[in-house]
Ligand SMILES: NC(=O)c1ccc[n+]([C@@H]2O[C@H](COP(=O)([O-])OP(=O)(O)OC[C@H]3O[C@@H](n4cnc5c(N)ncnc54)[C@H](O)[C@@H]3O)[C@@H](O)[C@H]2O)c1
């Protein structure tokens with residue numbers, strides 16, 4: 001059975017189903033959860049984001065990605081088992097994660113996809129959208145700048161900066177590379193909220209300092225180097241080598257103890273009770 005149900009697939013009787021169906025591609029409107037349902041923007045109060053454990057925050061981002069795919073497919077309602085399987089987590093953990101957002105879904109019915117997306121986006125602070133500047137427009141920087149998927153998920157790339165005169169002035173996607181000396185002023189003009197560092201490691205600290213001086217409070221660094229930033233700045237590092245090392249470790253540990261786990265793909269058969277636990281299994 002495909003994951004989730006589209007407008008024509010919702011078969012359970014529920015007093016609010018009729019008001020959900022028209023919202024397949026549009027606004028949230030009323031939800032399956034009950035009446036009166038809060039709107040996206042006027043939703044019931046969420047717990048403070050800082051009360052949500054970091055691991056849950058990470059998984060919420062995964063659920064959001066899966067829900068985005070479901071939305072594109074016109075799915076209105078998804079069960080916790082289906083959403084959990086497509087996200088690569090157990091359904092009990094998913095329900096626990098979603099409980100941080102307050103009441104969601106209806107037992108025996110499932111989650112209203114649009115409403116759940118809105119709640120997660122709000123919890124993750126994505127409902128406001130983010131403007132991203134990137135420093136270091138080399139191999140990695142150009143790949144990131146050219147990736148169209150960020151925009152669909154609430155992150156718009158607004159500025160590209162580099163110190164190499166040969167790169168400054170070059171078009172990358174819709175943007176033109178600017179000199180890094182313009183960074184501080186440009187961040188204010190562009191109302192940037194996130195800075196991405198994709199320079200060589202030896203330049204990463206200097207660039208982080210510039211981003212902090214520019215007033216940014218969120219920095220994502222692709223440098224494996226540890227960077228110093230003030231307490232009020234949230235810093236995340238992405239290191240694909242570390243991720244691969246973890247994969248290697250898990251693979252070695254699981255080789256003998258776990259038989260081949262079934263892959264669960266959205267749009268293919270969902271196997272909730274045997275959902276693999278490592279990472280997402282959503283089809284690309
Ligand atoms: N985290 C990961 O998974 C991952 C993966 C690949 C690369 N990286 C890291 O990303 C970094 C970039 O890799 P790359 O292959 O794109 O390198 P690259 O040499 O192709 O690009 C680096 C760019 O940064 C610019 N630059 C250098 N100093 C600068 C400064 N002070 N201010 C602004 N721009 C400056 C350079 O001119 C160049 O355009 C490397 O340090 C590498 O370690 C990380």
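Where does each of 182, 189, 82 land when they are ranked from fewest to most other beta-carbon atoms within 10 angstrom? Could the numbers behind the result be given before it?
Values: 182 13, 189 10, 82 27.
Least crowded to most crowded, the residues run 189, 182, 82.
Extension gain residue 71-residue 164, at 0.36 nm per residue separation less the Cα-Cα distance, in nm? Numbers along the way, then the final one.
Details: separation 93, 0.36 × 93 = 33.48 nm, distance 4.19 nm.
Between residue 71 and residue 164, full extension yields an extra 29.3 nm.
How far is it, in nm, from the label point at residue 245 to the one at residue 107 when both lie 7 Å from their Cα along the line to the Cβ?
The answer from the label model is 4.6 nm.
How far apart, in nm, are the 7 Å Cα→Cβ label points at residue 54 and residue 232?
Result for the modelled spin labels: 2.2 nm.
Report the percentage of all Cα-Cα pairs in the range 130-241 whose separation exceeds 23 Å, rounded to a whole percent.
Numbers: 1123 of 6216 pairs.
Tail of the P(r) past 23 Å holds 18 percent of the pairs.
So if R0 is 25 Å, what FRET efficiency would residue 179 and residue 206 give, r being the distance between their Cβ atoms, rounded to the nearest 0.05?
Working: r = 14 Å, r/R0 = 0.57.
Efficiency, from the Cβ-Cβ distance: 0.95.
When the gyration tensor of the range 54-94 is built from Cα positions, what are the square roots of 5 times its three eigenvalues, in whole Å, from largest to smallest? Walk me through the intermediate numbers first.
Working: eigenvalues 61, 29, 8 Å².
Rounded to whole Å, the semi-axes are 17, 12, 7.
Calculate I(q)/I(0) for the range 162-203 by the Debye formula, one identical point scatterer on each C-alpha and no solvent, and give its log10 at q = 0.33, 0.35 Å⁻¹ to two decimals.
-1.23, -1.20
Between residue 93 and residue 189, what is 0.36 nm times their sequence separation minus the Cα-Cα distance? Round to one decimal in nm. Can you show the working numbers first?
Working: separation 96, 0.36 × 96 = 34.56 nm, distance 4.21 nm.
Fully extending the segment from residue 93 to residue 189 adds 30.4 nm.
Among 136-148, 113-125, what's the highest-first ranking by average C-beta atoms within 10 angstrom per residue?
Working: 136-148: 16.5, 113-125: 22.0.
Top to bottom by mean Cβ count within 10 Å: 113-125, 136-148.
Taking the Cα centroid of the range 120-199 and of the range 58-115, what is the distance between the two, rounded to the nearest whole Å?
If you average the Cα positions of each part, the centres end up 30 Å apart.
Which number comes out as Rg/Rh for the range 44-191 once both Rg and the Kirkwood Rh are worked out on C-alpha atoms? Let's see the in-between values first.
Numbers: Rg = 18.9 Å, Rh = 17.3 Å.
Result: Rg/Rh = 1.09.
Along the Cα→Cβ direction, 7 angstrom out, place labels at residue 124 and residue 225. What is the inter-label distance in nm?
3.0 nm
Laboratory data are not the source of any read-out in this text; all were calculated from the coordinates shown. Because the structure is a prediction, the values reported are computed rather than measured. Counting neighbours? That spans all protein chains shown, and the Cβs are built from the backbone with ideal geometry, glycine included.
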